[in-house]
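**Q** The structure is given below, and queries will be raised subsequently.
A short reminder: the numbers here are calculations on the coordinates, not readings from a lab. Remember, it's a predicted structure, so these values are computed and weren't measured experimentally. When we count neighbours, we look across all protein chains shown, and the Cβ atoms used for this are built from the backbone with ideal geometry, even at glycine.
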Amino acid sequence: MKDLEFFRNATLGQYVDSRSRVHALAPLTKYLGLLALAVPALASRTAYAALAVMALGLLVALAAKVRPAFLLRGLKPALPALALIVALQALLSWPGDASAVLLRLGPIDVTLGELANSARIAARLAALMVTLGLFTATASESQIVHGVEDILAPLSRLGIPAHRLALVVGIAFRFIPILAGEAELIVKAQASRGADFGSGTRNPLRRVKAWLPVLVPLMLRALERSEALVEAMEARGYAGGLRSRLATYPVGPREKALRAGLVLFTLVSAILVSMAPAPFGT
Amino acid sequence: MAFIDVRRLYHRYPGSPVHSLSDISFQIEPGEYLAVLGANGSGKSTLVRCLDGLAEIESGTVRLGGLDPMNADELAQLRARTGLVFQSPADQLVASVVEEDCAFGPENLGLPREEIARRVASALEAAGLLAERSRPAWALSAGQQQRLAVAGALALEPELLLLDEATAMIDPPGRTGFLDLIGRLNAEGATVVHVTHSMDEALRARRVLVLHRGRLVFDGAPGDLFERPELEAWSLSRPVSLEAARRGRATFPEFRPAGQAPSDFRDELARLARLARPARQAKAAPLARAAERAPAASVDAPSDDDALILEKVAHEYLGGTELSRRALDGVSLRARKGELVALVGATGSGKSSALQHGNALLAPSSGQVRILGRDPAAKGADLKALRSRAALAVQRPETALFETCVGDDVAFGPRNQGLRGKPLVERVRSAMERVQLPYAEFRDRPVRALSGGEKRRAAMAGVLALDPELLLLDEPCAGLDPAGRESALALQAALKAEGRAVAVSTHSMDDATRADRVYVLERGRVVAEGSPAEVFLGTEPPPGLERPWAAEASVLLWRAGLTAAPAALDAAALADEALAVLGVPSSGGGPRAAGEGAP
Amino acid sequence: MKKSVVRKIVVAGVLSAVAAFLGLTRLGYIPWFSGASLTVMHVPAIVGAVLEGPIVGAVIGLVFGLTSLLQAAIAPTGPLDPAFVNPLISVLPRLLVGPAAFLAYAAFRGKLEIPALGISGIVGSLVNTMLVVGALALFGFLTWDLFWPVVTANGLPEAGAAALVNVAVVAAWKGVAGRGGKASIAAEEDR
């Protein structure tokens, strides 16, 4: 019987409240920090650059009193996939690759260029994972939502309702653990009535049909709960309009400077990193 | 003008041929504490929604503090002065963090930050949640979440609190905390309108409205309500305390306990006993010690009749992660064919986990399970076939309804068993008839159109349609009105009488008295077991729980020297005991023991 | 059901949570044959669009796209995951799934509810498949000559799955029965 305990997987990263100065920063600042690390990681053309970004991220983690080992541990479950990616990249060759051939495995050539490429992809992913892990470790759920609101706030002048979108994100976050509980209940109920979730057939449509007894009630429950939540929100006076917010994040001049610095860093490093010569013509 | 003024209110759901509310009129003064009773579908929730502008009024007038909920401008003001708490704790949470959720209301009013902060702090304090202010809302217990909903309402500084079956989904300890909070708020001046189908909760109010099929049939004091003969017709029942007193009054019209507590019953009985036979006090000496034995702890030798055996079962939930905990820690229990077994205990004590081992949904981390003589952990065990014969109904089974039509959903189970054609139809038909959802009427009915109670019955039919030898029911009576509860209990008794084994988990001690055997669970362990008499009438109450009302009164009578040994588990038996004390030979021949079924 | 902006916001949030949840727990991946799986994570966007309109569908698609991006970045499990870190591949196509489904539904709703739901499921799903595969090809993760093979091999069954789920959910939600309003068990009575 497959693992019914959905709570295991229903989180996107762990918040660690270590009360560092990094934690005390405003959500918008944290988002800028995220960009400052993610953009160079994505734009990097060599493995070294990506690894440098990752090292930088681990340093910030130290400042945030988040143990680097904790972040690196998150890489573990992804290692098999990383290995697979690396292997696949190494096996696919592309025209124009003029680098030296390292290995010949039957009909397949493994060139230096391919190796460099796969190393880069792996390093990029690792850097991203560390960055995102760091972000979720230092920003709590409500800060993430408030950050969305703050980022979108300027757009409200263009008529895009920032606070409504932020509310959508907040509700989405809050519902995920609830859905985990519901899914567990539903799967158990259907299994108790003899459902086998399509383990006996290869026909794709049959398989989908076998999952309907879980997918359908899950979405129906979601819709039912929506009705209840709509009533609760309306009863508390929400009608989609403007509202104030309890949480504030006062930003002093130092933090403003930090923000400017982060933006600058993002731009500069992105440019530098993308201008670096790619090894072996990749 | 009264604070709440309702005149000739009519409401109809769009497309419905009947009115859900007809000609409702009543007035409520500020500061009143009012309960609204009625069966599922009587219109009580609709009434609350009409008051708060969540449902559209067809005709008639509704005014709250002079404001009209059908007027968009006045509605906003009205909602700023009204706090509404709904039934489902998790469905009212808007934000992830307790503090933030509480602030939602004032934020909608656009109040300045400092004002919001002040209101949130005082609201959380009043609700006893100040210590939890930074915690994630989903981590609170259901009872705490409901108190958070109240705090969220309090942050609006409302004059009126509307509670729509707000206690239906929390366990007894949570309920008490919640109701105490409401009582305090009422004492401080808030008007409270509490829609409920718990008769005990209605007793806390000073005035009761009863709705029946959309009409207002009673408006008066709770004490008067429970004297009315139409109670059953209105799908209501009497709280055990009043039922017992009433039976006593049949022979002794002056039997009127001063209050609702078991001690009041005892005091009144003692008073009458002194009047009837002044010498009786001296005869109180021989206190039988029979009831002091510890609850029986042995599990008898296994027999062919054993449908389910758990032996020293331990189960670790989410093993290997940070959230792991021991759901079961060495539980041993058994259920025999033709027997009704009850598992009682607080939320989190392991009842659901135990039941889920009963149909091999969960495998024990250690210990042995035998289901209908088979070991589910054995190699090659056919779990699917086993689950056909040992059927589990999860909590709130109606969440798993997925087909459009009722008939199809009930057919899901038997279809998976391989039934087709006429045998399939027969199974479905008989299962549906058993739960009072006649096949002809409900086969094509859209599930969506069913009421809450009907959905629960449809889900039960889906489980019954498997024709199982062992039934595992997880809180089958949760959220049902008295009529629904009685039907569910009657069904359990019928299933048992057919020779099936039935194991249920419940929060209600009164429900547990109907079982043949009771297991009390606490933190994953069995801390007491035995017949209901053994568990509930011992010198100590079962660990962590309260005795059923009648049992508590019975024990108090024994302690006061009025009876030889406590033996009553329900109102009728208690009344018989009391009458025996007063020298009246009981008609039924001795107090009734558990399992004989309450009247 | 009254139309209200609060409902749109809540439905968008809740169905987004469903999409994210299906992705995170891999419940949304229905194993097909070894390796490949059919995904149904885009179906909430379709359901949301049909029930509450194109904007809600677009918002759900947006959140779904972001979740798949994050998941590819934090917990990659397949060879194509690095590609999904690019928002133009993971997010942009998903934005259009809801509105496309809505248009299809609105166009056919006059005929009959259930076929309209089926068609909108198919359309929404195909938009998802074609735009994602197209983006993958644009950025060099696939060669263009693989476009149609992948779309047919993966996209058609997914479209069928999406239609099935969409019909089942919306029909049950609105209480619309098929086959002339009768339960399918009625057919068993004459067997």
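**Q** Could you give the dipole magnitude of region B:1-144 about its Cα centre, charging the beta-carbon of Lys and Arg +1 and that of Asp and Glu -1, in debye to the nearest 20? All intermediate terms of the calculation are to be shown ahead of the outcome.
**A** Numbers: 13 positive and 19 negative charges, 46 e Å.
Rounded to the nearest 20 debye, it is 220 debye.
**Q** Quick check on chain B: helices-only [θ] at 222 nm, where DSSP H runs of length 4 and up contribute -39,500 (n - 2.57) each and the sum goes over total residues. Nearest 500, please. Before the final figure, lay out the partial values.
**A** Numbers: 21 runs with 209 residues, N = 599.
Helices in chain B give a 222 nm mean residue ellipticity of -10000 deg cm²/dmol.
**Q** Okay, next question. Tally the DSSP beta bridges in chain B and give the antiparallel ones as a percent, rounded to 5. Walk me through the numbers before you get to the answer.
**A** Details: 38 of 74 bridges.
Bridges in chain B that DSSP calls antiparallel: roughly 50 percent.
**Q** Further question on the same structure: For A:Leu205 and A:Ile151 in one chain, what is 0.36 nm times their gap in residues minus the Cα-Cα distance, to one decimal in nm? Kindly include the intermediate steps, with their values, before the conclusion.
**A** Numbers: separation 54, 0.36 × 54 = 19.44 nm, distance 4.24 nm.
Contour length minus the Cα-Cα distance gives 15.2 nm.
**Q** Residue farthest toward the positive end of the dipole of region B:4-231, with Cβ of Lys/Arg at +1 and Asp/Glu at -1: which of B:Ala39, B:Pro69, B:Leu93?
**A** B:Ala39
**Q** Principal axes first, then extents: for the Cα atoms of region B:27-158, list largest minus smallest coordinate on each axis, whole Å, largest first.
**A** Its Cα atoms span 45, 35, 25 Å along the three principal axes.
**Q** Also, I was wondering about something else. In whole Hz, with x marking every Gly and Pro, tabulate ³J(HN,Hα) for region B:89-106 from phi via Karplus 6.51 cos²θ - 1.76 cosθ + 1.60, θ = phi - 60°.
**A** For region B:89-106, the Karplus curve yields x, 6, 7, 9, 6, 9, 10, 7, 10, 3, 4, 5, 5, 4, 7, 4, x, x Hz.
**Q** Pairs of alpha-carbon atoms within less than 8 angstrom and 6+ residues apart define the contacts here; what relative contact order does chain B have, in percent? Mind dumping the intermediate values first?
**A** Numbers: 1212 pairs, mean separation 81.5, N = 599.
Reported as a whole number, the value is 14 percent.
**Q** Over 5 Å intervals from 0, what percent of Cα-Cα pairs in region C:5-179 sits in each interval?
**A** Each 5 Å bin holds this share of Cα pairs: 2, 10, 17, 23, 21, 14, 8, 4, 1, 0.
**Q** Charges at C-beta only: +1 for Lys and Arg, -1 for Asp and Glu. How large is the resulting dipole of the protein assembly as shown about its Cα centre, in Debye rounded to 20? Show your work: numbers first, answer last.
**A** Details: 113 positive and 104 negative charges, 322 e Å.
Here the size comes out at about 1540 debye.
**Q** Calculate how large, on average over all directions, the projected area of the Cα convex hull of the protein assembly as shown is; give the answer in nm² to one decimal.
**A** 46.8 nm²
**Q** Taking a cut-off of 16 Å, what percent of all Cα-Cα pairs in region B:176-283 are separated by more than that? Intermediate values should be presented prior to the final figure.
**A** On the way: 3795 of 5778 pairs.
Percentage above 16 Å: 66.
**Q** How large is the charge dipole for region A:163-239, taken about the Cα centre, if only the Cβ atoms of Lys, Arg (+1) and Asp, Glu (-1) carry charge, to the nearest 20 debye?
**A** Numbers: 11 positive and 7 negative charges, 77 e Å.
Charge dipole, region A:163-239, about its Cα centre: 380 debye, nearest 20.
**Q** Using amide H atoms built in the peptide plane, which far-off residues or other-chain residues are under 5 Å from C:Phe141 H to H?
**A** none
**Q** Could you tell me the extents of region B:4-231's C-alpha atoms along the three principal axes, largest first, rounded to whole Å?
**A** In descending order, the Cα extents are 49, 39, 33 Å.
**Q** Further, regarding this structure: If r is the Cβ-Cβ distance from A:Ala87 to A:Ala257 and R0 is 41 Å, what FRET efficiency results, to the nearest 0.05? Write out the running numbers ahead of the final one.
**A** Details: r = 45 Å, r/R0 = 1.11.
Efficiency, rounded to the nearest 0.05: 0.35.
**Q** Bin by bin, in steps of 5 Å, what percent of the Cα pairs in region A:22-64 do you find, going until the bin that has the longest distance?
**A** Taking every Cα pair in region A:22-64, the percentages come to 6, 23, 27, 23, 14, 6, 2.
**Q** Could you sort the peptides B:106-118, C:37-49, B:193-205, A:210-222 by per-residue average Cβ neighbour count (10 Å cutoff), highest mean leading?
**A** Ranking, from highest mean packing down: C:37-49, A:210-222, B:193-205, B:106-118.
**Q** In addition: What whole-number value in cubic angstrom gives the convex hull volume per residue for the C-alpha atoms of region B:186-225?
**A** Working: hull volume 3.1 nm³, N = 40.
Spread over its residues, the Cα hull of region B:186-225 gives 77 Å³ apiece.
**Q** Over all directions, the average projected area of the alpha-carbon convex hull for region B:164-236 comes to how many nm²? Could the numbers behind the result be given before it?
**A** Numbers: hull surface 20.9 nm².
Projected area, direction-averaged: 5.2 nm².
**Q** Which pairs, out of A:Lys188/B:Lys351; C:Lys111/C:Lys174; B:Lys422/C:Lys174; A:Lys188/A:Lys209; A:Lys30/A:Lys256; A:Lys209/B:Lys422, put more than 19 Å between their alpha-carbon atoms? Please report the intermediate quantities before stating the final value.
**A** On the way: A:Lys188/B:Lys351 15 Å; C:Lys111/C:Lys174 17 Å; B:Lys422/C:Lys174 30 Å; A:Lys188/A:Lys209 17 Å; A:Lys30/A:Lys256 12 Å; A:Lys209/B:Lys422 24 Å.
Result: B:Lys422/C:Lys174; A:Lys209/B:Lys422 exceed 19 Å.
**Q** Using only alpha carbon positions, build the gyration tensor of chain B, then give the equivalent ellipsoid semi-axes as the square roots of 5 times its eigenvalues, largest first, whole angstrom. Could you put the intermediate results ahead of the total?
**A** On the way: eigenvalues 302, 225, 132 Å².
Ellipsoid semi-axes (Å, largest first): 39, 34, 26.
**Q** Moving on. Per residue of B:426-433, count partner chain C-beta atoms within 10 Å of its C-beta, then hand back the mean as an integer.
**A** Working: counts 1, 0, 4, 2, 0, 0, 0, 0.
Taking all residues of B:426-433 together, the mean is 1.
**Q** A follow-up question, please. Just to be sure I understand: of the beta bridges DSSP finds with both ends in the protein assembly as shown, what percent are antiparallel, rounded to 5?
**A** 55 percent
**Q** Something else now. Compute the relative contact order of region B:4-231 as a whole-number percentage, counting only Cα pairs closer than 8 Å that sit 6 or more residues apart in sequence. Before the final figure, lay out each step's value.
**A** On the way: 446 pairs, mean separation 64.2, N = 228.
Relative contact order for region B:4-231 comes out at 28 percent.
**Q** Take the alpha carbon atoms of region B:450-599, find their radius of gyration, then divide it by 2.2 N^0.38 Å using N residues; give the quotient.
**A** 1.15
**Q** If packing is taken as the average count of other Cβ atoms within 10 Å, what order do C:55-63, B:78-86, B:220-228 fall into, highest mean first?
**A** Values: C:55-63: 26.4, B:78-86: 23.9, B:220-228: 15.4.
Ranked by mean Cβ neighbours within 10 Å, highest first: C:55-63, B:78-86, B:220-228.
**Q** Another question about this same structure. Given the Cα atoms of region A:163-239, and with Rh set as the inverse mean 1/r over their pairs in the Kirkwood sense, what is Rg to Rh to two decimals?
**A** Values: Rg = 16.3 Å, Rh = 14.5 Å.
My calculation puts Rg/Rh at 1.13.
**Q** Could you work out the mean count of beta carbons from other protein chains within 10 Å of each residue's beta carbon in A:160-169? Present the calculation step by step, with values, prior to reporting the outcome.
**A** On the way: counts 0, 2, 0, 2, 7, 6, 0, 8, 15, 8.
Per residue, the average neighbour count from other chains is 5.
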